[in-house]
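The values are calculated or read from the model by the stated rules, or taken from the named source; none is laboratory data. Just so we're clear, the structure is a prediction, and the values are computed from it rather than from any experiment. Positions of Cβ are generated from backbone atoms using ideal geometry, with glycine treated the same way; all protein chains shown enter the neighbour counts. Keep in mind that these areas ignore ligands, DNA and RNA; they rest on the heavy atoms of the full protein, side chains included. Shrake-Rupley method; radii C 1.70, N 1.55, O 1.52, S 1.80 Å.
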Amino acid sequence: MAKRIAAVEPGGIAEELGLREGDVIEEINGEPVLDSIDYQALIYESKIVMKTSREEYEFEKDEYEPLGLQLEADGIRNCVNNCLFCFVEQLPCNVRDTMRVKDDDWRQSLIMGNFVTLTNVHEKELERIVRRGASPLYISVHATEPELRKKLLGCENAGNIMEVLRKLQKGGISYHLQAVLCPGINDGEALERTIEDLYSLVPEALSLALVPVGLTKFRDELTPLRGFNKEEAKAVLDIAARWRRKSLKEHGTRFVFPSDEFYLLAGEEVPFDTEYEDYAQIDNGIGLLRMLETEFSFAYEDMRLKKKKPAKVVIATGVSAQPFLEKLMRDHPVGNVKVSVKAIRNTFFGETVTVAGLITGGDLVNQLKGVKADAILITCCMLRAGEDVFLDDMTLDEATCQLGIPIIPVERSGDALLDTLIEISEG
């Protein structure tokens, strides 16, 4: 394998050397260049010997100085698992093709924070991860008991996760971990073992997220699974609380972080801001509500309104977050803006899906028809990254046109939510 040059930037070192679009970089300083991870790791040296498909170049530069090259994108490594709870297998037939891609690529884990299982990583690749210092990784464990993990992931290669994690630990690689929990399968005693095993890997094991299984209505031919009830969610939180106290005392970190959903399911308050420490797994739904409330409250203390224009605003969100947002809005009125929080039931994926990020344009439009408001606020997480398109391919403009009300996507921070309400208040 080697990396093809997609473009040469004008005025850069690569252009001066005579490198061209289409050239293939085969080796740098005697090491093969398999992908962009290798390229980025090897190119930082000041003395470079680069072998390409046309010729060999030897030159000097400043350490970390870029060459001015754009490489072709790395291919995606596909998942080899058949997880009991795989969300991709639960999608309706009419979703776009990109949602059906099952990737499991440690390189994207390093770059983007995607969770990977490492079941498709062989010994030499594991050595390359260590050699490249690929930290931190984000690793889906789910269970550490070998046979249980094989069952959960549907993969015979899944049982050696502790051996893999120890090799990474020995190589100085750190990692954030997660366990997607299914009631009656990998909670209870199985969860106790999982936490105990992973706790033995601290400090290289940086955090462990506990996330309830996500189920859609499209599971007719799949393994029967169900969601957590209130008592089962409380039991998970009780186990987590004991380990959090132990870890805080012994290591200065709580290590185990249940997702917001577990607290909502159990009817318990989400922890205080300080208990989320550095919010290391915020993208995994760990502390998202508390961060929103904390940022909103701090910004609210400094709020200064120039005008107080009367306005009606609807915040459209998932069923699970509605009570939290209602309280936040009730406790922090903004001028003369009357805010109502509307929970959108998920008929597209099924009403067991209660998070805001999976709300579609169709559900939003159908359930807000006839609403009278000056603006509808939604989280940016409802839209495809970098585009104004919902998961069902309805565009933001189409939804706005059908409702006849401006729909305003808001970044997920509390500051952004307050700023939007202030702008509406001030006209």
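Summary table below
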quantity: Among the residues listed as LEU292, LEU237, LEU265, the single one being open to solvent by 20 Å² or more (accessible area, probe 1.4 Å), in a helix (DSSP H, G or I), farther than 25 Å from MET112 by Cα and modelled with pLDDT of 95 or more; calculated: LEU265
quantity: Total residues in the range 240-259, condition assigned to a helix (DSSP H, G or I) and open to solvent by 10 Å² or more (accessible area, probe 1.4 Å); calculated: 10
quantity: Among the candidates LEU153, LEU191, residue that is modelled with pLDDT of 95 or more, closer than 24 Å to LYS249 by Cα and open to solvent by less than 10 Å² (accessible area, probe 1.4 Å); calculated: LEU191
quantity: Candidates GLN178, GLN169, filtered to the one that is closer than 23 Å to VAL116 by Cβ, surrounded by 15 or more Cβ atoms within 10 Å (Cβ to Cβ) and touching a helix residue (DSSP H, G or I) at 6+ places or on another chain (Cβ under 8 Å); calculated: GLN178
quantity: Selected residue (only one of MET382, MET394 is of a type in the set (A, V, I, L, M, F, W, C), open to solvent by less than 40 Å² (accessible area, probe 1.4 Å), out of contact with any strand residue (DSSP E or B) (no Cβ under 8 Å at 6 or more places or on another chain) and within 30 Å of PHE85 (Cβ to Cβ)); calculated: MET394
quantity: Top-ranked residue in the range 1-59 [being among the aromatic types (Phe, Trp, Tyr) and open to solvent by less than 30 Å² (accessible area, probe 1.4 Å); ranked as farthest from ILE76 (Cα to Cα)]; calculated: PHE59
quantity: Criterion (under 13 Å from VAL319 (Cβ atoms) and either open to solvent by 40 Å² or more (accessible area, probe 1.4 Å) or not hydroxyl-bearing (Ser, Thr, Tyr) (or both)) met by exactly one of VAL341, VAL371, VAL334; calculated: VAL341
quantity: Restricting the range 402-415 to residues that are open to solvent by 20 Å² or more (accessible area, probe 1.4 Å) and in a helix (DSSP H, G or I), the residue that is farthest from LEU292 (Cα to Cα); calculated: GLN402
quantity: Residue that is farthest from VAL33 (Cα to Cα), among those in the range 80-96 that are open to solvent by less than 40 Å² (accessible area, probe 1.4 Å) and either in contact with a strand residue (DSSP E or B) (Cβ under 8 Å, 6 or more places away or on another chain) or without any contact (Cβ under 8 Å) to a residue 60 or more places away in the chain (or both); calculated: PHE85
quantity: Residue check, SER297 assigned to a helix (DSSP H, G or I), open to solvent by less than 70 Å² (accessible area, probe 1.4 Å) and under 22 Å from GLU326 (Cα atoms); calculated: yes
quantity: Qualifying residues in the range 194-208 (those that are of a type outside the set (S, T, N, Q) and in a loop (DSSP other than H, G, I, E, B)) - the one most open to solvent (accessible area, probe 1.4 Å); calculated: PRO203
quantity: Residue count for the range 97-142, restricted to those that are assigned to a helix (DSSP H, G or I), basic (Lys, Arg) and open to solvent by 40 Å² or more (accessible area, probe 1.4 Å); calculated: 3
quantity: Restricting the range 222-234 to residues that are over 19 Å from LEU153 (Cβ atoms) and not aromatic (Phe, Trp, Tyr), the residue that is least open to solvent (accessible area, probe 1.4 Å); calculated: ALA233
quantity: Candidates ALA280, ALA316, ALA321, ALA311 - the one that is in contact with a Pro (Cβ under 9 Å, 6 or more places away or on another chain), in contact (Cβ under 8 Å) with a residue 24 or more places away in the chain, surrounded by 15 or more Cβ atoms within 10 Å (Cβ to Cβ) and not charged (D, E, K, R); calculated: ALA280
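Residue by residue, here is whether (1) on the phi > 0 side of the Ramachandran plot; (2) of a type in the set (Lys, Arg); (3) touching a residue at least 24 places away in the same chain (Cβ under 8 Å) holds:
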residue: ARG330; (1), (2), (3): no, yes, no
residue: SER340; (1), (2), (3): no, no, yes
residue: ALA343; (1), (2), (3): no, no, yes
residue: GLU351; (1), (2), (3): no, no, yes
residue: VAL365; (1), (2), (3): no, no, yes
residue: ALA385; (1), (2), (3): no, no, no
residue: GLU398; (1), (2), (3): no, no, yes
residue: ILE408; (1), (2), (3): no, no, yes
residue: ILE424; (1), (2), (3): no, no, yes
